[in-house]
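Written below as structure tokens is the structure these notes are about.
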Amino acid sequence: MDGRDGMRAADADRQETADRLRVALEEGRIDLFEYDERLQRAYGAKTYGELGQVLADLPGPAPVDRSALAPRQPGPADVAAPAPPPAAPTSGPVPSGAPSGWLLEVWMPWLRVAAILTAIWGLSAVGARELVFYWPLWVLGPWGALLLMRTAGGLAAGEPRHRDDRRERRLARRQARRAGER
């Protein structure tokens, strides 16, 4: 075991590994069972070597060595280097960290089902002479409670920002592929 593999991993390293596992799951490289198993190993990992074993058979960049990111004193080259020009938007503005798109993504299935069930309830209640119990509550209530917990956890963990970062990386890869085809 070389020096780096024996070094202790930080929480940020474990989170980065979890993010890469989530991407692998979304790409279909691993199934849900394997994702859960690897995620447990990632969060239980103490060293870079253990984190590397979790990702060993998955493509992608090597885990970031956080020890190389130690703060340093700025030198003359840092002051003299001009700032790069801002990148032109490629597909419209993507608000960094704005939760609105992410919230719609999380809540849209619930809203669709709520609309359908409410329409069915309304049609069935039209002919009734008495007040009809809003039975979709039995489906929408527990599901909504779970979504509230997911929303609160996702906002606390910065999920909208992670979603925007993933979208920007996919866009950059797509543009690089198109540039390579020309």
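The values are calculated or read from the model by the stated rules, or taken from the named source; none is laboratory data. Everything numeric here is computed off the predicted structure, so don't read it as measured data. Here Cβ is always computed from backbone atoms with ideal geometry, including for glycine, and neighbour counts include all displayed protein chains. Surface areas here come from the heavy atoms of the whole protein model, side chains and all, with no ligands, DNA or RNA. Shrake-Rupley method; radii C 1.70, N 1.55, O 1.52, S 1.80 Å.
Kindly establish whether Thr118 is of a type in the set (Val, Ile, Thr), surrounded by 13 or more Cβ atoms within 10 Å (Cβ to Cβ) and within 25 Å of the chain's Cα centre (by Cα).
Working: of a type in the set (Val, Ile, Thr): yes; surrounded by 13 or more Cβ atoms within 10 Å (Cβ to Cβ): yes; within 25 Å of the chain's Cα centre (by Cα): no.
Judged against the criteria, Thr118 is not a match.
Suppose the filter is at pLDDT 50 or above, closer than 30 Å to Ala152 by Cα and open to solvent by 70 Å² or more (accessible area, probe 1.4 Å); does Trp110 pass it?
no
Of all residues in region 121-147, which are loosely packed, with under 11 Cβ neighbours inside 10 Å and assigned to a loop (DSSP other than H, G, I, E, B)?
Selection gives Gly127, Ala128, Arg129, Glu130, Leu131, Phe133.
Open to solvent by 30 Å² or more (accessible area, probe 1.4 Å), at pLDDT 85 or above and either aliphatic (A, V, I, L, M) or not in a helix (DSSP H, G or I) (or both): does that describe Val23?
On the way: open to solvent by 30 Å² or more (accessible area, probe 1.4 Å): yes; at pLDDT 85 or above: yes; either aliphatic (A, V, I, L, M) or not in a helix (DSSP H, G or I) (or both): yes.
Spelling it out, Val23 is indeed open to solvent by 30 Å² or more (accessible area, probe 1.4 Å), at pLDDT 85 or above and either aliphatic (A, V, I, L, M) or not in a helix (DSSP H, G or I) (or both).
Sort through Arg166, Arg150 and tell me the only one that's open to solvent by less than 50 Å² (accessible area, probe 1.4 Å), in contact with a helix residue (DSSP H, G or I) (Cβ under 9 Å, 6 or more places away or on another chain) and charged (D, E, K, R).
Arg166
Give region 12-62 a look and list any residue that's β-branched (Val, Ile, Thr) and either farther than 17 Å from Arg169 by Cβ or free of Cβ contacts under 8 Å to residues at least 40 places away in the same chain (or both), or say none. Lay out the reasoning, then the answer.
Taking region 12-62 first, the residues β-branched (Val, Ile, Thr) are 17, 23, 30, 47, 54.
Correct list: Ile30, Thr47, Val54.
Could you please find all residues in region 26-59 being farther than 22 Å from His162 by Cα and either open to solvent by less than 20 Å² (accessible area, probe 1.4 Å) or assigned to a loop (DSSP other than H, G, I, E, B) (or both)?
Within region 26-59, Ala45, Lys46, Tyr48, Gly49, Ala56, Asp57 meet the criteria.
For region 160-182, what are the residues that are without any contact (Cβ under 8 Å) to a residue 60 or more places away in the chain and within 11 Å of the chain's Cα centre (by Cα)?
Residue satisfying the conditions is Asp165 alone.
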